[in-house]
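Step one of this worksheet: look at the structure below.
The values are calculated or read from the model by the stated rules, or taken from the named source; none is laboratory data. If you're wondering where the values come from, they're calculated on a predicted model, not measured in any experiment. Backbone-built Cβ (ideal geometry, glycine too); neighbour counts: all protein chains shown.
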Amino acid sequence: MYKSFIRPLLFAFDAEQIHHISFKLIKIAGKLGLSSLFRSMFTVADPVLEKEVCGLRFKNPVGLAAGFDKDARLYKELSDFGFGFIEIGTLTPIAQAGNPKKRLFRLRPDEAIINRMGFNNGGVYEAVERLKDNKNVLVGGNIGKNKHTPNQMAAKDYLICFDALFQHVDYFVVNVSSPNTPGLRELQDKEPLLQLLREIKHENSKLAGEYNSKERPILLKIAPDLNEDQLLDIISIIEMSELDGIIATNTTISRTELKSDCMLVEEKGGLSGKPLRERSTEVIRFIVQNRKKKFAIIGVGGIHSPEDAIEKLEAGADLIQIWTGFVYEGPGLVKRINKSLLQSKQLR
């Protein structure tokens, strides 16, 4: 039903416009008491699907990637579609509009999306207010820096977000890999990244003491466009800083072997969806083969089917996330993945 009726209707509108309309409709459905119906339709509840990663207990290994619910406006309702966890953000200290519109493009023949949103969000403190009454949704907080904050001052922005979210999220993701904030990817270089992560780790320990709480797991989200030497540096940084894990990967600036109209393909921004599947899996395999000690890996990029999800897990991912696949395949994708996992050897 989704692909034959609902998706054509949604795709008849501008991509960013229909995203906001869909949010409003889902919110209305929740207020009308349809949450239990959605849970019955899309949730696969089975102890076999549960997984412990970074000391957290996930109901199932399928999460919603950051960027879909940037401002934590819909995380409760989205969890009704069967996700094991929801990642909000990327959040910045101060609200910002992001890049000029039009900035979100569907590449239908490739089942892909190009976005150059530019960390548009209402600021971390607005999101905190929405998270305060969360009771049972496992939430990750994806944090970044404001566009006009120079890289030498970036740590301050990350720490502001970390402090604000500490009591309201279950894990953190340090985003230094978006291609849509000028200069951000320079923070993936070894020395600035190691310094940034050390400061965040120190803050984690300090806040845990202040609140008499456990430290929050911290993961680093990396780009798929890193070469092998850069990936080896990232692995070394994770191990040196004793970070909890990696999210592999963010969107790509590559445009190879695309079928869509050249005018669309040439749009600036990060590409997600099916064309990213193979590269993101390659990055996961490379990390697993070259790390000296185990740390968590969340695999994301091009997951449009249960087979794609299992491929990521077999490559070494502990958990997976979807975003573009959710748009193209609909909420039924989460259920199909979880049902396939129950039947596969991955969870046995």
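Key figures
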item: Residue match in segment 251-262 (condition: surrounded by 19 or more Cβ atoms within 10 Å (Cβ to Cβ), in a helix (DSSP H, G or I), touching a helix residue (DSSP H, G or I) at 6+ places or on another chain (Cβ under 8 Å) and modelled with pLDDT of 95 or more); result: no
item: Filtered residue count, segment 201-219, keeping only those that are in contact (Cβ under 8 Å) with a residue 60 or more places away in the chain and buried (at least 16 other Cβ atoms within 10 Å of the Cβ); result: 2
item: When residues of segment 37-56 are limited to those that are free of Cβ contacts under 8 Å to residues at least 24 places away in the same chain and more than 17 Å from K339 (Cβ to Cβ), the one surrounded by the fewest Cβ atoms within 10 Å (Cβ to Cβ); result: E52
item: Number of the condition not met by P93 [criteria: (1) under 16 Å from the mean Cα position of the chain (by Cα); (2) within 23 Å of V176 (Cβ to Cβ); (3) surrounded by 20 or more Cβ atoms within 10 Å (Cβ to Cβ)]; result: (1)
item: Pick from segment 15-35, criterion over 30 Å from K101 (Cβ atoms) and of a type in the set (A, V, I, L, M), ranking: nearest to the chain's Cα centre (by Cα); result: L34
item: Extreme residue, farthest from the chain's Cα centre (by Cα), among residues of segment 36-56 that are under 16 Å from G332 (Cβ atoms) and of a type in the set (S, T, Y); result: S40
item: Matching option when the condition is free of Cβ contacts under 8 Å to residues at least 40 places away in the same chain and on the phi < 0 side of the Ramachandran plot, among K294, K274; result: K294
item: Segment 199-240, residues that are in contact with an Asp or Glu (Cβ under 8 Å, 6 or more places away or on another chain), charged (D, E, K, R) and in a loop (DSSP other than H, G, I, E, B); result: R216
item: Residue satisfying condition, being at pLDDT 95 or above, part of a loop (DSSP other than H, G, I, E, B) and over 22 Å from the mean Cα position of the chain (by Cα), within set A66, A12; result: A12
item: Residue within segment 278-289 that is within 27 Å of R39 (Cα to Cα), buried (at least 24 other Cβ atoms within 10 Å of the Cβ) and either among the hydrophobic types (A, V, I, L, M, F, W, C) or over 18 Å from the mean Cα position of the chain (by Cα) (or both) present; result: no
item: Pair list, Cβ under 7 Å, 6 or more apart: segment 302-314 residue closer than 15 Å to K339 by Cβ, other residue polar (S, T, N, Q) and assigned to a helix (DSSP H, G or I); result: P306/S340; I310/S340
item: Subset of segment 95-126 [among the aliphatic types (A, V, I, L, M) and touching a His at 6+ places or on another chain (Cβ under 9 Å)]; result: L104
item: Count of segment 13-36 residues which are without any contact (Cβ under 8 Å) to a residue 12 or more places away in the chain and either surrounded by 14 or more Cβ atoms within 10 Å (Cβ to Cβ) or acidic (D, E) (or both); result: 2
item: Filtered residue count, segment 172-198, keeping only those that are in a helix (DSSP H, G or I) and more than 19 Å from K70 (Cβ to Cβ); result: 13
item: Filtered residues of segment 265-276 (kept if within 18 Å of L226 (Cβ to Cβ) and surrounded by fewer than 19 Cβ atoms within 10 Å (Cβ to Cβ)); result: none
item: Among (1) aliphatic (A, V, I, L, M); (2) closer than 25 Å to R103 by Cα; (3) part of a helix (DSSP H, G or I), the one test that L159 misses; result: (2)
item: Filtered residues of segment 111-138 (kept if of a type in the set (D, E, K, R), surrounded by fewer than 19 Cβ atoms within 10 Å (Cβ to Cβ) and in contact (Cβ under 8 Å) with a residue 24 or more places away in the chain); result: E126, R130, K132
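Rundown of residues vs (1) among the aliphatic types (A, V, I, L, M); (2) assigned to a strand (DSSP E or B), yes/no style:
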residue	(1), (2)
V288	yes, no
I297	yes, yes
A309	yes, no
K312	no, no
V327	yes, no
L341	yes, no
